[in-house]
1. Using a 1.4 angstrom probe on the protein heavy atoms only, could you order F93, F31, F53, F115 from most to least accessible area?
2. For region 1-117, give the percent of accessible area contributed by carbon and sulfur heavy atoms, probe 1.4 Å, rounded to a whole number.
3. Accessible area, 1.4 Å probe, largest first: how do F41, F68 sort?
4. Sort V129, V78, V84 from largest to smallest accessible area, using a 1.4 Å probe on the heavy atoms of the protein chains.
5. Using a 1.4 Å probe, what is the accessible area per residue for region 10-126, in Å²?
6. With θ set to phi - 60° and the Karplus curve 6.51 cos²θ - 1.76 cosθ + 1.60, what are the ³J(HN,Hα) couplings of region 26-42 in order, to the nearest whole Hz, using x for Gly and Pro?
7. With a 1.4 Å probe and all protein chains kept in place, how much accessible area does K116 have, in Å² rounded to the nearest 10?
8. From the P(r) of region 9-158, could you give the percentage of C-alpha pairs in the tail past 20 Å?
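The values are calculated or read from the model by the stated rules, or taken from the named source; none is laboratory data. Computed from a prediction, not measured in an experiment: that's the story for all the values here. Accessible surface is based on the protein model in full, side chains and every heavy atom, while ligands, DNA and RNA are left aside. Shrake-Rupley method; radii C 1.70, N 1.55, O 1.52, S 1.80 Å.
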Amino acid sequence: MTTKHDAGNPVLEVPKGTVIYEQGAPCSTMFLLRSGTVGLFLNYHTPQQFELFEIAKPGSSLGEMGLFDHEPRNATAVALSDCVLIEISQQNFPHFIAAHPEETIQIILDLSQRFKSAIQEVRSSHQIVAECLDALKEAQANKKDTLKEKIRKISDYLLDIPQDVPPELYISFNSRFHGTMF
């Protein structure tokens, strides 16, 4: 990583493939993307790796949650292309807010969008659980083979998930329902 400075904040030139920060690491800075694409991952470089989303819009923020709540990083950020980032420390953040109100608004918008995405994921998960519970209730009432069919439909639905989740995870999950259980 190459470092310059912009009004007291380090400007980082980050090569493709570089880990910008790791899940679980202490957090005292956030970043603004100037150029490039950054991926945010859960369990990076493990069989359970999952890409949360990609950040490619210049001016977008990343790493701000830990800066605000003083918790460890909740994801790993990786440069998916060569990137330019501005690093903002906790100490410089009040000055940054005063000097850059438009970028501060973008940080708030980024947080809002991520919150909306998380709510949608919770809704989707809730719907799947509700469908499973309904299928179990119906199967108990009918004592027919409909439970197996409904679970198979639900597992087929679950297999239509983003490509960044390892196929072994899906095969393992799906084999539980299509294998010897029934």
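1. F115, F53, F93, F31
2. Carbon and sulfur atoms account for 58 percent of the accessible area of region 1-117.
3. These residues rank, largest area first, as F68, F41.
4. Per-residue accessible area, sorted high to low, gives V129, V84, V78.
5. About 54 Å² of surface per residue is accessible.
6. x, 10, 9, 9, 10, 9, 10, 7, 9, 7, x, 9, 10, x, 10, 10, 8
7. K116 exposes around 120 Å² with every protein chain in place.
8. Of all Cα-Cα distances in region 9-158, 58 percent exceed 20 Å.
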